[in-house]
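To start, the structure under review is shown below, and the notes come after it.
The values are calculated or read from the model by the stated rules, or taken from the named source; none is laboratory data. Keep in mind that this is a model prediction, so the values were computed, not measured. Cβ sites come from the backbone with ideal geometry, for glycine too, and all protein chains shown count toward neighbours. Calculation scope for accessible area: heavy atoms of the full protein, side chains included, ligands and nucleic acids excluded. Shrake-Rupley method; radii C 1.70, N 1.55, O 1.52, S 1.80 Å.
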Amino acid sequence: MGKADKAFKTFVNNIPNDKLTSLPDATQTLYRDVDFRLDMQGMTADKPPRHNLQVQINNSTTISTLKKQAPKTVSMYHASKSDTPAVIRQGLLDGTNVPS
């Protein structure tokens, strides 16, 4: 496991539960650290609509393999209102495409 992959997994696992419950419908950044940010990108067109959550690389990252990829999206998950924080975290981890 490379430094970027390890940092991504740490970021996802450190997202506070309160950031993954009662998700907003409006576009906004939910959580960030120096390397990544979790953005709510809006609602999907699904019936019922789902929250389009994306983890993106921050421009301020200190990891060289990520720096040249910023602000690329490295994971996406469409969360339903009933998803628990654990389900959302696993969805983000499963949907990862972190550069190595």
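Segment N59..D46, full-extension length gain: 1.6 nm, with 0.36 nm per residue of separation and the alpha-carbon distance subtracted.
Leaving ligands, DNA and RNA out of it, report the carbon-plus-sulfur percent of the accessible area of the chain at a 1.4 Å probe.
Result for the chain: 50 percent of the exposed heavy-atom area is carbon or sulfur.
Roughly how tilted is helix 85-94, in degrees to the nearest 10 and between 0 and 90, from the longest Cα axis of the chain? Once rounded, one gets 50 degrees.
Solvent-accessible area per residue in the chain equals 55 Å², computed with a 1.4 angstrom probe and all protein chains kept. Each residue of the chain gets 87 Å³ once the volume of the Cα convex hull is shared out per residue. One Cα centroid belongs to the stretch 12-36, the other to the stretch 49-69; the line between them spans 13 Å. The charge dipole of the chain, taken about its Cα centre with unit charges on the Cβ of Lys, Arg, Asp and Glu (plus for the first two, minus for the last two), comes to roughly 260 debye.
Which length gain, in nm to one decimal place, applies between N14 and L93 when the Cα-Cα distance is subtracted from 0.36 nm times their residue separation?
On the way: separation 79, 0.36 × 79 = 28.44 nm, distance 1.22 nm.
Gain in length upon complete extension: 27.2 nm.
Taking the charge dipole of the chain about its Cα centre, with +1 at Lys and Arg Cβ atoms and -1 at Asp and Glu Cβ atoms, the residue from Q41, A79, T61 reaching farthest to the positive side is T61. Counting only residues at least eight positions apart within a chain, or on another chain, the lysines with an alpha carbon under 16 Å from that of K81 are K19, K47.
Seen against the Cα atoms of the chain and their longest principal axis, helix 3-13 is set at about 30 degrees.
Bridgeable lysines around K67 (alpha carbons under 22 Å apart, same-chain partners fewer than 8 residues away excluded): K3, K6, K9.
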